[in-house]
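Following: one structure in structure tokens, then a few remarks.
Just so it is clear, none of the values below were taken in a lab; they were calculated from the coordinates. As the structure is a computational prediction, the values presented were derived from the model and not from experiment.
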Amino acid sequence: MASVHPRAWKYKGTYGAVLGFGKYDMTHIWEIKDYGDFDKLRNHKDPVFDRRTAESIGFYIPGFGQAQLLREISDVVIVEPKKKRR
């Protein structure tokens, strides 16, 4: 898959839940550097990548998926809630 995936997207692997653990059966993990990489995905046109993506959809239960955007913990900003005035 590495030769046909969108530029700036690094395929990290496909993982499956085992022994009934996990809310979802499997997940694909990709690494990107910034939000502009979503534009690269949207504009990516490769027939092999498109075919593989379409074929993989047949393995999913409709509505049983979830997308997540993860950040390194050092990049996460935690905002303390404001204290209520008395």
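Here are the numbers for this structure:
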quantity	calculated
GNM top mover of K33, K23, K45 - the chain, alpha-carbon springs below 10 Å	K23
Partner lysines for K10 [C-alpha distance under 29 Å; skip if fewer than 8 residues away on the same chain]	K23, K33, K40, K45
Ellipticity estimate at 222 nm from DSSP helix runs (n ≥ 4, -39,500 (n - 2.57)) divided over the chain, nearest 500	-6000 deg cm²/dmol
Within a Gaussian network of the chain (alpha carbon springs, distance under 10 Å), most fluctuating of I32, I73, I57	I73
Cα gyration tensor shape for the chain, rounded if a/c is under 1.5, else prolate or oblate	oblate
Helix 47-57 axis, angle to the chain major axis (alpha carbon atoms, nearest 10°)	70 degrees
Length-normalised contact order for the chain - Cα pairs under 8 Å, 6+ apart - percent	26 percent
